Amino acid sequence: MISMIDLLAFAQTSSQASSTYYYLIFLIAWIALTVIAFMPGFQQKMYILFVSRDIESGLAKLENLSKSAKNKTIELLKKSGAKNAEELADKFAEWFVIDPVNIEPTDIINRMKLLIRTSEDKIRQIIMLSLPNLDPVTRSKIEVSAEILNALNTIYKVVRHYLLLGKKLQSYYILLQLQSVVPILVKMAESYERAQDVFIKGIPVGDSLGPLVASRFLMNVNEKWNPSREMVAGEMEFEGRKLIVLKAEGPMATVGTPGEAVENVINKLEGKVSRIITVDAAAKLEGEQTGSIAEGVGVAMGDPGPEKIAIERVAAKYNIPIDAIIVKMSMEEAITEMPKEVYEASEKVVEMVKQIIRERTKPGDTVILVGVGNTCGVAQ
Amino acid sequence: MSQSSQQQKTVVTVLKCLKCSYTIERPFKEGDFIPKIDGTCPNDGSPLYIWAIYAKPLVEKK
């Protein structure tokens, strides 16, 4: 066998001395890399490095979006006259609601309702304490800003937590799962951040579809009342039927309490209602057209539980059929400016509601129409 | 929605006359809401009210 010295001597004396020298270096490096690559744990460390880099880039975007939402909230608070705007924004960002105990589900709806209402009241109280003369529209804009800031801050902190945990435990599988959801979370966060601008300007959003349909009926009603918190109702006659229309009280950015409102109205009428019609925006599946309309049965409402169940319970108590009309849109379209396709769909939904009343009720009946959704920029 | 698709949309306010069929479209202004009374009809002097506010593409599809 030829020794290394002989090989080198040959390399130095031959006409291709320098190329052989480089070939040898390449060969040694290649062998060294192959050996290192097969060492236990090396590959995993490389995977962790690449996955972490990818997550960190998404995390940087989430951090920027969270900071931007905070700055916008501070700006809105300062514009409204708050002297402790930074302190308030910090409080909103870190606000939390503890979920009710669900291993014992008895009465969970009432407990959930209490926690949701307490949280809303507390946020409102914090705002009104600093800005006692605030008008309801600006207050609702600050409340929505606070919710968006809270959501973005939570997303950022949870992603950061799992990134640091994955790196600390050197767990490729934690990081791999995180890497697969971060692009979705970044897209969601970008939508929230854009939604904040839209709500601050008071522009109707895609989710305002339900209140817009209700407002078309309420426009000509002079006598209106508040059946529950942040809800408005109006009674009119439609082709011999008594039509009671309900929506959140606009143009504030609020969804109101539609469940409680329907419950109160039906109880006051002692259950003498022939039909409940609910209209809401709904999330479309990929491939479906924005503004496409579908009709079904049940309460059309994207509620965590208390409002939707209130309608279901009162309807079941008095055996009242519930119709649902939905207009499809993406999650982003639901929380940003109402697309033209959704506005055009609202006109068709008004006609559909009239058709349902004509076909499924008779003169003398009482019908309830509920326009579900955020009524930002849509009064009555 | 991507940055490019955001730039391609504009928010408009559609006003209608309470009495005649007059309709006008203008860019959205902060403070607009449905059905706010805003201005008068050039045809018959009746109040104009905001009928719709929506986002539409800057270049309409043919």
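The values are calculated or read from the model by the stated rules, or taken from the named source; none is laboratory data. Keep in mind that what you see is a predicted model, and the values were worked out from it rather than measured. All Cβ positions, even for glycine, are placed from backbone atoms using ideal geometry, and neighbour counts span all protein chains on display.
Tell me, please, whether a residue that is closer than 18 Å to A:ILE311 by Cβ and within 14 Å of chain B (Cβ to nearest Cβ) can be found in the range A:227-242.
Going residue by residue through the range A:227-242, those that are closer than 18 Å to A:ILE311 by Cβ are A:227-233.
Okay, now just the ones that are also within 14 Å of chain B (Cβ to nearest Cβ), so A:232.
Yes, there is a match, as at least one residue in the range A:227-242 is closer than 18 Å to A:ILE311 by Cβ and within 14 Å of chain B (Cβ to nearest Cβ).
What number goes with the only condition from (1) surrounded by fewer than 16 Cβ atoms within 10 Å (Cβ to Cβ); (2) within 14 Å of another protein chain (Cβ to nearest Cβ); (3) assigned to a loop (DSSP other than H, G, I, E, B) that A:THR375 does not pass?
(1)
Could you look through the range A:333-372, keep only residues that are touching a Pro at 6+ places or on another chain (Cβ under 6 Å) and farther than 15 Å from A:LEU246 by Cβ, and pick out the one that is nearest to the other protein chains (Cβ to nearest Cβ)?
A:MET338
Looking at (1) in contact (Cβ under 8 Å) with a residue 24 or more places away in the chain; (2) within 14 Å of chain B (Cβ to nearest Cβ); (3) over 25 Å from A:GLU344 (Cα atoms), can you tell me which one A:ASP135 breaks?
(1)
Of the numbered conditions (1) in a helix (DSSP H, G or I); (2) away from every other protein chain (no Cβ under 14 Å), A:ASP197 fails exactly one; give the number of that condition.
Failing condition for A:ASP197: (2).
In this structure, does A:ILE116 turn out to be in contact with a Pro (Cβ under 8 Å, 6 or more places away or on another chain), more than 12 Å from every other protein chain (Cβ to nearest Cβ) and touching a residue at least 12 places away in the same chain (Cβ under 8 Å)? Please lay out each step first, then the result.
Working: in contact with a Pro (Cβ under 8 Å, 6 or more places away or on another chain): yes; more than 12 Å from every other protein chain (Cβ to nearest Cβ): yes; touching a residue at least 12 places away in the same chain (Cβ under 8 Å): yes.
Criteria met by A:ILE116.
Pairs under 8 Å by beta carbon, first residue touching a residue at least 24 places away in the same chain (Cβ under 8 Å) and more than 7 Å from chain A (Cβ to nearest Cβ) in the range B:20-35, partner surrounded by 12 or more Cβ atoms within 10 Å (Cβ to Cβ) and assigned to a loop (DSSP other than H, G, I, E, B), six or more apart or different chains?
Going by the 8 Å Cβ cut-off, the qualifying pairs are B:CYS20/B:CYS41; B:CYS20/B:SER46; B:TYR22/B:CYS41.
When both residues are 6+ apart or on different chains and their Cβ atoms are under 7 Å apart, which pairs have a first residue that lies in the range A:333-349 and is under 18 Å from A:ALA195 (Cβ atoms), and a second that is basic (Lys, Arg) and assigned to a helix (DSSP H, G or I)?
A:THR336/A:ARG194
I'd like to verify a number: residues in the range A:297-332 that are within 14 Å of another protein chain (Cβ to nearest Cβ) and of a type outside the set (D, E, K, R), how many? Show your work before the answer.
Our first condition is that a residue be within 14 Å of another protein chain (Cβ to nearest Cβ); within the range A:297-332, this holds for A:327, A:329-332.
Going one step further and asking which of them are of a type outside the set (D, E, K, R), we end up with A:327, A:329-331.
Residues meeting the conditions: 4.
Among the candidates A:LYS268, A:LYS308, A:LYS348, A:LYS272, single out the residue that is more than 30 Å from A:THR106 (Cα to Cα) and among the charged types (D, E, K, R).
Details: A:LYS268 fails: more than 30 Å from A:THR106 (Cα to Cα); A:LYS308 fails: more than 30 Å from A:THR106 (Cα to Cα); A:LYS272 fails: more than 30 Å from A:THR106 (Cα to Cα).
Criteria check complete, one pass: A:LYS348.
State whether the residues of the range A:173-191 include one that is surrounded by 16 or more Cβ atoms within 10 Å (Cβ to Cβ), more than 11 Å from chain B (Cβ to nearest Cβ) and hydroxyl-bearing (Ser, Thr, Tyr).
Checking the range A:173-191: not a single residue is surrounded by 16 or more Cβ atoms within 10 Å (Cβ to Cβ), more than 11 Å from chain B (Cβ to nearest Cβ) and hydroxyl-bearing (Ser, Thr, Tyr).
Applying the selection to the range B:15-35, what residues are out of contact with any Gly (no Cβ under 8 Å at 6 or more places or on another chain), surrounded by 17 or more Cβ atoms within 10 Å (Cβ to Cβ) and either modelled with pLDDT of 95 or more or part of a strand (DSSP E or B) (or both)?
B:LYS16, B:CYS17, B:PHE28
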